[in-house]
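The values are calculated or read from the model by the stated rules, or taken from the named source; none is laboratory data. Since the structure is predicted, the reported quantities are computational estimates derived from the model, not experimental observations. As a convention, Cβ positions derive from the backbone with ideal geometry for all residues, glycine included, and neighbour counts pool all protein chains shown. Please note that ligands, DNA and RNA were not included when accessible areas were found on the heavy atoms of the full protein model with its side chains. Shrake-Rupley method; radii C 1.70, N 1.55, O 1.52, S 1.80 Å.
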2 protein chains.
Amino acid sequence: MSTEKLPARSENFSEWYNQVVLRAELADYAPVRGCMVIRPYGWALWENIQQALDRRFKETGHVNAAFPLFIPMSFLEKEKEHVEGFSPELAVVTVGGGETLEEPLVVRPTSETIIGYMYSKWIRSYRDLPVLINQWGNVVRWEMRTRLFLRTLEFYWQEGHTAHATEEEALEETLRMLNVYTDFAYNEAAIPVIPGRKSETEKFAGAVQSYTIEAMMGDTRALQSGTSHFLGQNFARAFDIQYLDRNNQLQYCWTTSWGLSTRFIGAIIMTHGDDQGLILPPRLAPIQIVIVPIYRSEAEQSQVMAVATQLHKQLSTRFRVKVDDRSEVTPGFKFNDWELRGVPLRIEIGPKDVEKGVLTVARRDIPGKAGKITIHPNNLEAQFAQLLDDIHHALLKRATQFRDEHIFDPKDYEELKEVVQHGWAFSWWCGSAECEAKVKEDTKATTRCIPLEQPGGEGRCIVCGQRATQKVYFARAY
Amino acid sequence: MSTEKLPARSENFSEWYNQVVLRAELADYAPVRGCMVIRPYGWALWENIQQALDRRFKETGHVNAAFPLFIPMSFLEKEKEHVEGFSPELAVVTVGGGETLEEPLVVRPTSETIIGYMYSKWIRSYRDLPVLINQWGNVVRWEMRTRLFLRTLEFYWQEGHTAHATEEEALEETLRMLNVYTDFAYNEAAIPVIPGRKSETEKFAGAVQSYTIEAMMGDTRALQSGTSHFLGQNFARAFDIQYLDRNNQLQYCWTTSWGLSTRFIGAIIMTHGDDQGLILPPRLAPIQIVIVPIYRSEAEQSQVMAVATQLHKQLSTRFRVKVDDRSEVTPGFKFNDWELRGVPLRIEIGPKDVEKGVLTVARRDIPGKAGKITIHPNNLEAQFAQLLDDIHHALLKRATQFRDEHIFDPKDYEELKEVVQHGWAFSWWCGSAECEAKVKEDTKATTRCIPLEQPGGEGRCIVCGQRATQKVYFARAY
Ligand SMILES: [Zn+2]
Ligand SMILES: [Zn+2]
């Protein structure tokens, strides 16, 4: 950690973000343009995200598998919208084993096509359905403007791909997984995302309908944090995924796909962080509690370290705990370091605490003295579990409040243009691509989602004044 | 599952292997030459392997991270032996985002170079050492002759990369991880691997010394199942990985790397399988216990299913259990199916068992009546834990016996040529590449490893008759 102060979040959010990622050692730039190295602290965070999601996927009946990294170029061309959407972003292998390949191979930007091909081989009858498979892996999209975690050439994600006998089942699955993402965001990451449907313009290339969870970052920009797509029969027709139904009739399947990526780490950073650095939601934090021993003499050191070691042992049975026993830096340096790295709780143990038989605990989400608590060592596990829970709820509450304070209901188009500079507009929209495009041109704000929760009734499109039956969020987005 | 019989293992081992992989639905061929799809059952096996290894890595102080898929071509060229070893096997990205790249990017065949580059950025002082990082991911090697799991263009693995202050520490790490692999093979996979050192000819391109665990497959061929490399200062010099020591002197680090891949699934299949199909080692099996209900009438069905469901619930708290409630196939079909898929224990529940209040259990490792046990339902969890443990030890014992029966100590070169046709030769070897090459030319057998356990003393090289201080295994290998 460098001892330099971070840029203020309010002054230069973008530079604050970059510095936090690098100095908290979440990630680093790779020597290949637009690629990142996810460092152990960042990867441990991703592993916790993976576990929290994977448990939910398995509870909803999904299994994991692994499909190839390389896709024949001709596969992408089988779904017209899909290839149009992805062809500008492809990395292409043209040489293998020293020879020029007859057919170039695309490094997968997403796997609908190759998985569709395999499903057409595996699925024969209605008894084989539904197929509910997820894959954890890496994908590549040749992006021009990149940011660590938010937009990188290679990124890590999970992609679920399911095949169903009926349209209804596939639509149910699409919304089930949107709910899984929403539940995960609220209950693991303390991020109050808004689930909704994407506009035609913003949907996934090849989907019939795309759903999204949208999160508001600390600078009020929106971040698409997970998506779930109803693919209709588009890929089933392109790849001939058919099954014999109960009446022995050949039918096309209905498919879905859904994904959440390392981008979500960006959402965590930009939702909760402050001028001191990261604030990690306790349920996902790689280190939930850090113990910092404080001593001046060797006698004090052995006294304090004995307590720290015993405490570490006791708390490790239930929490992710670390003792910072570095001797080359001061306690003050360590405090700053673990604040930068966003550890939810810090225990300071000095000779006085040992003498009094108490623990001084500092909450990362409440800076300074206000966040310091003295704890008596009875029923420690329950007390720490409660504290971590309190922090989770405090973070969620704060983020929800911030979000709601920055969602506006502009009375006319002029006001919309103004509010999207420092928040989101929640407005009636006629649904036309023209009105969407006009907003984008005038303000850079795009439609983020048509939320599942609607006020009902109808209104007038904020742009053209025509009759509108749905409200949409307009916002500038990452 | 097809109802056709598998080819006999003794008649066509190679075809038996392919059929088992496909019909047990471990993997399938991908539509890209030499690539595979790992199906949910195979991936669940790999996830269990990952967990068993990852726990051991973390216990020995390692952390996980993620380095990029793409490596600039120039990086590989920095270590002479490394590039010579890998350049014939590279997949190369030459086009990105529609443009020809200035410098082609190699899809990583292994990550010493790019990780070395990052380590040179991160490591400054002796306080930063050791760096103990592992990565779970995919790599690509453009192989000409491929086999599912054993040799595929893309495969999954873990690669550990560590940097140390001293040669001694790096050597210790190399052997520590070899021991981790050995322990894993014996205690999770029930495979009696032989740990040892690779010859100069057989070592990793760029290593000073390579260590390996070698396993004997059911056709007596050897399979290199995991490797651990002492890289000396080769990569530290190539990538300038230096640190300031306690005396403020700049020193090169000493590095290691070690890996185990989805190839290990091939080792499991070919070590334990029989003519009925897979036999999965219980500690790694995705399904440890399958429950097959047997009934003829609806009354029987509801009676039997009630017991099956209750049993599933009870055993699932401790084991990986599945109830096969398919109604479209017969119990006999199910028995064959789960035998093919290698589930260690099968519980058959019919009306008579329900009436008597007992369970009929069949052990996969002991075919037919000999493997059938009647169990009384007191202390069920302990009984099943014991049974699974017994199977683990029985598999290990059988594999060890098979291995030892097929290791020979030929009295002369003529006998060596004969024994490597149906086993391994364990012979004195002078250490010269010429003698190694002669054996390979005459018999296709290569040196597999110079085992850590040596008889001591000395002998005469089995090939040239010169003085020899070490014994080596010669075998035909996958
Ligand atoms: Zn309008
Ligand atoms: Zn010799």
Label point 7 Å beyond Cα along the C-beta direction, distances from A:ARG246 to other copies (nm, shortest first): 7.8
Exercise: per-residue mean of other protein chain Cβ atoms within 10 Å, A:82-94: 4
Nearest-first distances (nm) between copies at B:SER125, label 7 Å from Cα via Cβ: 7.0
Part-to-part distance (alpha-carbon centres) for segment B:26-102 and segment B:386-449, which is given in Å: 30 Å
Beta bridges per DSSP with both ends in segment A:407-475, % antiparallel, nearest 5: 85 percent
Tail fraction, Cα-Cα pairs, segment B:289-386, threshold 24 Å, whole percent: 14 percent
Total accessible surface hidden between A and B, rounded to 100 Å², 1.4 Å probe: 4100 Å²
Ranked packing of B:332-342, A:103-113, most packed first, by mean Cβ within 10 Å: A:103-113, B:332-342
Unsatisfied cross-links (Cα-Cα over 26 Å) in the set B:LYS322/B:LYS369; A:LYS322/A:LYS369; A:LYS397/A:LYS444: A:LYS397/A:LYS444
Estimated dipole of segment A:407-475 in Debye, rounded to 20 [Cβ of Lys and Arg +1, of Asp and Glu -1, Cα centre]: 120 debye
Directionally averaged shadow of the protein assembly as shown, computed from the convex hull of its alpha-carbon atoms, nm²: 44.7 nm²
Share of carbon and sulfur in the accessible heavy-atom surface of the protein assembly as shown [1.4 Å probe, %]: 47 percent
Rg ratio (alpha-carbon, reference 2.2 N^0.38 Å) - chain A: 1.09
Aspartates and glutamates whose Cα lies under 14 Å from that of B:LYS5, excluding same-chain neighbours fewer than 8 positions away: B:GLU15, B:ASP274, B:ASP275, B:ASP337, B:GLU339
Solvent exposure of segment B:286-420 as accessible area per residue, Å², 1.4 Å probe: 51 Å²
Average partner coverage of A:32-44, which counts Cβ from other chains inside 10 Å: 6
Residues of type lysines that B:LYS372 reaches as a straight line, Cα spacing below 18 Å, ignoring anything fewer than 8 places off in the same chain: B:LYS334, B:LYS352, B:LYS356
Label spacing, shortest first and in nm, from B:THR469 to its equivalents in the remaining copies (7 angstrom along Cα→Cβ): 8.8
Reachable lysines, given that their alpha-carbon falls under 16 Å from the alpha-carbon of B:LYS411 and they are not under 8 places away in the same chain: B:LYS471
Cα lying deepest toward the dipole's positive end in segment B:235-392, options B:TRP258, B:GLY371, B:GLY350, charges on Cβ: B:TRP258
Potential lengthening between B:ALA52 and B:LYS440 on full extension [0.36 nm per residue; Cα-Cα distance subtracted]: 136.1 nm
